[in-house]
1. Within the range 243-258, can one find any residue that is hydroxyl-bearing (Ser, Thr, Tyr) and in contact (Cβ under 8 Å) with a residue 60 or more places away in the chain?
2. Identify, from the list Ala211, Ala170, the residue that is under 21 Å from Asn306 (Cα atoms) and modelled with pLDDT of 95 or more.
3. Can you tell me which condition Ile176 does not meet? The list is (1) touching a helix residue (DSSP H, G or I) at 6+ places or on another chain (Cβ under 7 Å); (2) surrounded by 14 or more Cβ atoms within 10 Å (Cβ to Cβ); (3) over 29 Å from Thr385 (Cα atoms); (4) in the same structural domain as Ile397 (by TED's automatic domain parsing), and all the others hold.
4. Among (1) more than 30 Å from Asn294 (Cβ to Cβ); (2) in contact with a strand residue (DSSP E or B) (Cβ under 9 Å, 6 or more places away or on another chain); (3) of a type in the set (Asp, Glu), where does Glu346 come up short?
5. Which count do you get for residues in the range 185-233 that are without any contact (Cβ under 8 Å) to a residue 40 or more places away in the chain, aliphatic (A, V, I, L, M) and part of a loop (DSSP other than H, G, I, E, B)?
6. Which one is farthest from Ala137 (Cα to Cα) among residues in the range 153-184 that are assigned to a strand (DSSP E or B) and charged (D, E, K, R)?
7. For the range 272-313, how many residues meet the condition of being farther than 23 Å from Asn163 by Cβ, in a loop (DSSP other than H, G, I, E, B) and among the hydrophobic types (A, V, I, L, M, F, W, C)?
8. Considering only residues that are small (Gly, Ala, Ser) and closer than 26 Å to Gln209 by Cα, which ones fall in the range 325-340?
Amino acid sequence: MKLGGFSQHFNLAPETIRYYINKGLLVPVAKNNRYDFRERDIEDMDLLLKLKSFRFSINDIHRILSLKRLSNLDSSVELNDYVSILRTQKRMLVSEKKYLQRLIGNLQQEISTASGKHTDAIRRKTGVPLTFLPYLACPHCQGPLSINNCNIERDQIISGGLNCVCGFKASIHNGILIGQPGKISIYDGPDTERNSYRMMSPTLITLMQKAYHWMLEHLNKCDTKRKLVLETFINNYCFCYSNFEFMDKDAYYVITDKFPEIVALYRNLIDKLDLNLKVLYIAAGSHLLPLRNNCVDVYIDLDASNEYAIFHNGYAFDALTRYFHENTYAIGAFFFFKPGGPSVQELYRQYPETWERCFDVAYFRKYLQGMWQSTLDYANIGYVTDSGEDESFSYHIDGERLGLDTYFMHGFKAPNKNGGGGGNRS
């Protein structure tokens, strides 16, 4: 029987048969560089497959086949050796069975715990903390906001209305302050399935985790006790949710996005952490946040700059400048491509409103220098060439470098007219 017929007989690839030959498990007759498989080889292969089903190693299978070739297992000595090998393997499998049973039990416990996290009711219903009332103001005229028809539970406003004498109106619904979203691009939409995270490649997740560590280390260098920490544009990523456990419990946090469903999604996730934090959730356009001017002490930018630049002529800072002051800190991460590269071209195709400086790290660095008094630290975290499935970075061309830088700035100053920012704050 030739190699092809032998491999077909056992429904195995010819390469597998050659592997067994190279390992000495099969020893067919070779004639003119061709193998001739005989009845003995069929018996050897039958035994090999039986031993493999018993989960013997290649070395053990080779040992048993060698015993068979020496005596056909007719000798009591070799037969006892074979039985001893089988018993040893049985003891090993019994021991492994006990281990697997414990492992299955632990796995079931983890499934139950994880399922419980998913279904557990939120332990503490949160709303707009009363401590944030002094920070609220009309986004148009900066006038005070009157509150009416409020439902207050303990120190939280769960529902109610907000009004300004200039005509501005907002509401508090299910604990979220809902203002005006501003103009929303036809290419924009809420990522309620969190596909930006779920479809990332493992290498990109590792890169982002390194950025998290860097940002958290620098955030904890700031005195945030009773200071206002703002994170915006959480539709793609939310730094605070992933790191709240390690952040100052005495800070005042403001989490915002223009899509109410995204704010509600993260509000529920953060509530389940049960960390008893002071958090104000706002669903409104970044330039229409009902906050006092100059009230933000720390701004967190987890690639919000690029998220904004995809739909506006400028970076996220351009929409937020009125909230900063001369002692504000900014901590962020910025993804970037090679200017004019394939990924940038694909980005323009998918999002034709994209600003030309989106994902342009060299320009962004100059922009930061024009926006802030001091660069306290700056780092290149690394790059990936595989970002994951389409909905993670749908415009990233596989194989091209997607880099990630982090920055730590201090002291807001007037934007550099020549250094960046389009001023389009819609």
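The values are calculated or read from the model by the stated rules, or taken from the named source; none is laboratory data. In this text, all values refer to a predicted model and were calculated from it rather than measured experimentally. Heads up, the Cβs are rebuilt from the backbone with ideal geometry, glycines too, and the neighbour counts pull from every protein chain shown.
1. Going residue by residue through the range 243-258, those that are hydroxyl-bearing (Ser, Thr, Tyr) are 252-253, 256.
If we keep only those that are in contact (Cβ under 8 Å) with a residue 60 or more places away in the chain as well, we get 252.
Among the residues of the range 243-258, at least one is hydroxyl-bearing (Ser, Thr, Tyr) and in contact (Cβ under 8 Å) with a residue 60 or more places away in the chain, which makes the answer yes.
2. Values: Ala170 fails: under 21 Å from Asn306 (Cα atoms).
The unique qualifying residue is Ala211.
3. Going through (1) touching a helix residue (DSSP H, G or I) at 6+ places or on another chain (Cβ under 7 Å); (2) surrounded by 14 or more Cβ atoms within 10 Å (Cβ to Cβ); (3) over 29 Å from Thr385 (Cα atoms); (4) in the same structural domain as Ile397 (by TED's automatic domain parsing) one by one, Ile176 breaks only (4).
4. Failed condition: (2).
5. Going through the range 185-233 one residue at a time, the tally reaches 1.
6. Looking only at the range 153-184, we keep the residues that are assigned to a strand (DSSP E or B), and these are 153, 156-163, 169-173, 176-178.
Adding the requirement that they be charged (D, E, K, R) leaves 153, 169.
On the way: Glu153: 22, Lys169: 11 Å.
Result: Glu153.
7. 5
8. Ala330, Gly332, Ala333
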